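Enquirer: Starting off with a structure, shown below.
The values are calculated or read from the model by the stated rules, or taken from the named source; none is laboratory data. Every value quoted in this text rests on a predicted model; they were computed, and no experiment measured them. Every residue, glycine as well, gets a Cβ built from its backbone with ideal geometry; the counts of neighbours run over all protein chains shown. Just so you know, the surface numbers come from the protein's heavy atoms only, side chains and all, with ligands and any DNA or RNA stripped out. Shrake-Rupley method; radii C 1.70, N 1.55, O 1.52, S 1.80 Å.
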Amino acid sequence: MHDLSLATEFLHTAPPFNTLDVDELQSVARKLEAAYYPQGKTIFSSSESAGLAVIRKGAVRLLDEQRRFLDKRSEAELFGHRIWFHGEQKNYVAEAEEDCLIWHLSEAGFNELCERNPLIGEYFSSHLKTRVSAATQVSHSVTQIRDLLRRGPVLIDSTASIRQAARLMSSENVSSVLVMQDQALVGIATDKDLRQRVLAVDLDPAKSIASVMTEKPMTLAANSGVDEALLLMMRENYHHLPVVEDGEPLGLVTAGDLLRSQSEHPLRLVRDIHKKQSLDQLVHLSRRLPSLFERMVNLGRDVEQIGRMVTHITDAFTVKLIQLVQQELGEAPMKFAWVVFGSQAREEQTARTDQDNGLILERKADEEEVTYFAKLSEFVCDGLDQLGYVYCPGEIMALNVKWRVSLAKWKRHFDQWIDEPEPKSVMHSSIFFDMRCVHGEKHLVDELLEYATKRAKDNRIFRRFMAANVLSHRPPIGFFRRFVQEDDGTQSEGLNLKHRGIVPITDLVRMRALESGVKEANTFSRIELATQAGAMNESDANSLRDALILINQIRLAHQAEQMKNGQKPTNFVPPEELSHLMRRNLKAAFMLVVEAQNALALRYQVH
Amino acid sequence: MLQRWRHGRRCRKLAGFSSAPELSNYLESCASLAADRLDNTPLISVDLELTGLEKEHDKIIAIGWTLIEDGKICLGSNRHLLINIDKSVGASAAIHELMDSEVAAGDELEFGLAELFRAAQGRIWIFHHAGLDVGFLKKACEQWAGVTPGFMVLDTLRIEYRLRKRREVPVKQGDLQLSEIRRVYGLPRYTAHNALIDALATAELMLAIGSRMEPEGSLKLAPHLKFF
């Protein structure tokens, strides 16, 4: 047994010391001095040069200069260095919360340690923002679209005839051709175009290919990822997309190419959903969801894409259920839109999710029409429940007659929330500001969204209520042993990552979106658009985005782990299951959120 | 006060008779040794591992110590020396987890004592249950250097015992074991057991007792000293 091993063994359990090799640990241990502080004794006040302190035993309470509670730390945790509290580095006093045995490293020893070990220095000096941002950089190799191109593009000039194009397609054995003009891509013509726009209507094949092509086709950048490309194609219902780089066509991909490239791509499920013809078959399919989710998380896909893919699958189930019930009920008696709210609208669903939806009708329904939409809603909502998207506990569902009304009535709902705000109604209504059309007449949803956004934007009193609501969900400030540390000095058990981490961020961003009139629901898109609109600065935008990614990564990983163990996924994480590093990163992310909340509180003068 | 003076005078006298320079220096330093407060007096916390309790025929098989400066334990001063003895470790091996082979690989007792007394120069000793260890050290010094040195000691067991007596806390068998007192003071539990760990554990306990007896300032040492 080495003379210092007692010290080095313990240090090794205290990050960042666990990253040091034995020699370095010994050189640190050699300089440590152990001191004992009885409960209540001041260990130091940061006006002194405190160096670094390791808690060997006991607990330490950190207070600001007015003796307000800042944080509490326990065994193997550190203090003495510059610490971030609520988004800023503050002077603080350290006091023994319990009888403490503290290992001190002098200022000189601490500086030398940081100089000799740049990574350790970085650990102590890094800004909260860099810390969170670094933690979100998951290393995973994303297959790019360019890697999937099997051949170069088949190009034809826009002055060529339909016949020439058809012959080129035959000789090259391809089903589509890219049409060029002055070296720029101007259109795409496919087998289907030749069939529908030429043969079926007896068009003269001597006419120019430009007259039957699809103009200005949507393109994919060569460096886009497979998930991104697939989502785009499926959402917009394109089967072929040209791939370009710097404006130059590199080739063409089909959805089939993309799906084949990944043996078990999650979006394959969307295709399978389309093929099914009964609720039973869909229920059978939905059993694949847990393992699919687990695989998405474990393959290290980024959380934004996971949210979009999971939601896309929910959308596909929803659309299929509507189609199935309409096969029985017949065409709808009027135009309508199936609208979704909350996380489905934001395309941020995870493993555990309930349904939030409604129907927007073109006009007030008569008795017969009421029955039609009641039957439709019942089938779809019941179906979703059977597929695992359980009924909304708040009954925000098309099943509820209140949320199955005309556009005009919907507007009146919003009027009421906005004109007569009170805390409870504001809390319940915020979910409705995340809105997206899944099926039917998109313009009905657009109009309602336009209306609601404009009214909210123009009404400062309503927004002030919303701000107060946003501030009612505060993240915890950290962890203490196996508890969650609250900012008033108390502790609570277990951490609900959704309520304490995700909701505060989506609420904050929704607020920003409303302020700047952004109508997108997705939080990442909102951040981007609100930044473009000047409502958020780049640095705040990055902070919130990184915090959201980080908290979600931990949440999704936790859910995947639960599912792997055959448990139901929850948002509830016991702190003892979090590693030191996760705790530290989460804490930094929470602090970024608190920082943004404080800025909001200041802006609206609410607390 | 008188005791301290007597101790100093005796040590100074003995210094001239010691055949080991490390012990002479230690004895010289005792003559002018000041015992003020816990946070400004240099201390050395020591523990010995023994083959048994009889100093006449049992042996020292390990010496562990650590130094306290300004009321803080200097972890860099930790020392743990295994002592090479001829006789087999015997039954006590089970307690110390020291096998004969390890002990045989250790240092000569003379070397261990020289190192210990060099470190102890100008310091007051801390032991938990001083009588046993001091007895062994005295005997060893006699054989090594021809003199029986004096010791100015803070005995954590004795101090805690007197503290409890004064507060009329009943003391039961086993209550004053090092690990048991440490538990009361909220100190970490050491699962392993050797001379250094116990020396360190005793040093931590001394600081804990000191800050409990004198929460605001620093403990005055004089009333708690014991002279051997």
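Enquirer: Kindly report the accessible area of the protein assembly as shown per residue (heavy atoms of protein chains, probe 1.4 Å, no ligands, DNA or RNA), in Å².
Expert: Here the residues of the protein assembly as shown average 45 Å² of exposed surface.
Enquirer: How large is ³J(HN,Hα) for each residue in the stretch A:201-214, as worked out from phi by the Karplus curve 6.51 cos²θ - 1.76 cosθ + 1.60 (θ = phi - 60°), to whole Hz, x for Gly and Pro?
Expert: 10, 6, 7, 5, x, 7, 5, 6, 4, 4, 6, 10, 6, 8
Enquirer: How big is the stretch A:5-125 by Rg and Dmax over its Cα atoms, in Å?
Expert: Gyration radius and largest Cα-Cα distance of the stretch A:5-125: 13.7, 42 Å.
Enquirer: Please express the Cα-Cα pair-distance distribution P(r) of the stretch A:396-467 as a list of whole percents, one per 5 Å bin, running from 0 to the bin with the greatest distance.
Expert: Histogram of Cα-Cα distances, whole percents per bin: 3, 15, 28, 28, 15, 8, 2.
Enquirer: Also, I was wondering about something else. For the stretch A:1-142, give the magnitude of the charge dipole about the Cα centre (Cβ charges: +1 Lys/Arg, -1 Asp/Glu; no others), in debye to the nearest 20. Intermediate results must be reported in sequence, preceding the final value.
Expert: Working: 15 positive and 21 negative charges, 87 e Å.
With Lys and Arg at +1 and Asp and Glu at -1, about 420 debye.
Enquirer: On to the next question. So how tilted is helix A:289-298 from the main axis of chain A? Cα-based, degrees 0 to 90, rounded to 10.
Expert: 60
Enquirer: Inverting the mean 1/r over all pairs of different Cα atoms, compute the Kirkwood radius of the stretch A:145-261 and quote it in Å.
Expert: By the Kirkwood definition, the hydrodynamic radius is 14.4 Å.
Enquirer: While we're here: Counting Lys and Arg as +1 and Asp and Glu as -1, each charge on the Cβ, what is the dipole of the stretch B:2-227 about the Cα centre in debye, to the nearest 20?
Expert: Dipole magnitude for the stretch B:2-227 comes out near 1220 debye.
Enquirer: When the Kirkwood radius is taken over all Cα pairs of the stretch A:1-73, what Stokes-Einstein diffusion coefficient follows at 20 °C and 1.002 mPa s, in µm²/s? All intermediate terms of the calculation are to be shown ahead of the outcome.
Expert: Working: Rh = 14.1 Å.
Rounded, D is 152 µm²/s.
Enquirer: What whole number of Å gives the distance from the Cα centroid of the stretch A:583-607 to the Cα centroid of the stretch B:29-74?
Expert: Centre-to-centre distance over Cα atoms comes out at 53 Å.
Enquirer: Can you give me the C-alpha center-to-center distance between the stretch A:21-94 and the stretch A:213-254, rounded to a whole angstrom?
Expert: Result: 55 Å between the Cα centres.
Enquirer: Mind pulling up the Rg/Rh value for the stretch A:269-410? Radius of gyration and Kirkwood radius, both on Cα.
Expert: Values: Rg = 15.5 Å, Rh = 15.7 Å.
That ratio equals 0.99.
Enquirer: Tell me which residues come under 5 Å, amide H to amide H, from residue B:193 once H is placed; ignore anything under 5 positions away on its chain.
Expert: Here the answer is none, since no amide H 5 or more places off falls under 5 Å of that of residue B:193.
Enquirer: How big is the A-B contact in terms of buried accessible area, both chains counted, 1.4 Å probe, rounded to the nearest 100 Å²?
Expert: On the way: alone 28180 and 11310 Å², together 37540 Å².
Approximately 1900 Å², summed over both chains.
Enquirer: Could I ask something else about it? Say the dipole of the stretch A:145-261 comes from +1 at the beta carbon of Lys and Arg and -1 at that of Asp and Glu; which of A:160, A:203, A:176 then lies farthest toward its positive end?
Expert: Most positive-ward Cα: A:203.
Enquirer: With n ≥ 4 as the cut-off for DSSP H runs, can you work out [θ] at 222 nm for chain B, using -39500 (n - 2.57) per run divided by the number of residues, rounded to the nearest 500?
Expert: Here the helix-only value at 222 nm equals -13000 deg cm²/dmol.
Enquirer: Could you tell me what percent of the accessible area of chain A is made up of carbon and sulfur, with a 1.4 Å probe and every protein chain present?
Expert: 48
Enquirer: Next question, about the same structure. How many nm separate the modelled label positions at residue A:86 and residue A:492, each set 7 Å beyond the Cα in the direction of the Cβ?
Expert: Label at residue A:86, label at residue A:492, 1.8 nm between them.
Enquirer: So which residues in the stretch A:1-29 end up with at least 30 square angstrom less accessible surface once the other protein chains are there, compared with the chain by itself, probe 1.4 angstrom?
Expert: A:1, A:3, A:6
Enquirer: Which value, in debye to the nearest 20, describes the size of the charge dipole of chain A about its Cα centre when Lys and Arg Cβ atoms bear +1, Asp and Glu Cβ atoms bear -1, and nothing else is charged?
Expert: The dipole magnitude comes to about 700 debye.
Enquirer: In addition: Tell me the GluC sites (Glu not before Pro) within the stretch A:319-377 that lie in a loop according to DSSP and have at most 12 other beta-carbon atoms within 10 Å.
Expert: Passing both the DSSP loop test and the Cβ count: A:331.
Enquirer: Which value at 222 nm does chain A reach when only helices count, each DSSP H run of 4 or more adding -39,500 (n - 2.57), with the total divided by all residues and rounded to the nearest 500 deg cm²/dmol?
Expert: About -14000 deg cm²/dmol.
Enquirer: Under the rule of at least 5 residues apart or a separate chain, name every residue whose amide H is placed under 5 Å from the amide H of residue A:41.
Expert: So residue A:41 has HN proximity to A:96.
Enquirer: Could you give the spread of the C-alpha atoms of the protein assembly as shown along their three principal axes, from largest to smallest, in whole angstroms?
Expert: If we take the Cα atoms of the protein assembly as shown, the spans are 128, 65, 48 Å.
Enquirer: If I compute solvent accessible area with a 1.4 Å probe over the protein chains, what percent of it on the stretch B:112-223 is carbon and sulfur?
Expert: Accessible surface attributable to carbon and sulfur in the stretch B:112-223 totals 48 percent.
Enquirer: Output wanted: per-residue J couplings in Hz (rounded whole) for the stretch B:69-81, from phi through Karplus 6.51 cos²θ - 1.76 cosθ + 1.60, θ = phi - 60°, x for Gly and Pro.
Expert: So the J values, rounded to whole Hz, are 10, 6, x, 10, 7, 8, 5, x, 8, 3, 9, 9, 10.
Enquirer: Once the cut-off is 18 Å, how many percent of the Cα-Cα pairs in the stretch A:539-607 end up in the long-distance tail?
Expert: On the way: 1134 of 2346 pairs.
Taking all Cα-Cα pairs of the stretch A:539-607, the fraction more than 18 Å apart is 48 percent.
Enquirer: Additional query: Amide H of residue A:81: which non-local residues (sequence gap of 5 or more, or other chain) have their own amide H closer than 5 Å, using H built in the peptide plane?
Expert: Answer set, sorted by chain and number: A:53.
Enquirer: Pick out, in residue order, every one of the trypsin sites (Lys or Arg not before Pro) in the stretch B:162-228 that is DSSP loop and has at most 13 other C-beta atoms within 10 Å; say none if there are none.
Expert: Loop-located and lightly packed - B:167, B:172, B:189.
Enquirer: Let me ask something else. Between the helical axis of A:580-604 and the dominant principal axis of chain A, each derived from Cα atoms, what acute angle in degrees is found, rounded to the nearest 10?
Expert: Between helix and principal axis, roughly 80 degrees.
Enquirer: Let's test this: bin the Cα-Cα distances of the stretch A:389-534 at 10 Å from zero up to the farthest pair and state each bin's percent.
Expert: 10, 35, 34, 15, 5, 0
Enquirer: If you find the alpha carbon centre of the stretch B:103-133 and of the stretch B:170-210, how far apart are they in angstrom?
Expert: Rounded to whole Å, the Cα centres lie 20 Å apart.
Enquirer: To one decimal place, what orientation-averaged projected area in nm² is obtained for the convex hull of the Cα set of the stretch B:2-227?
Expert: The number I arrive at for the stretch B:2-227 is 12.4 nm².
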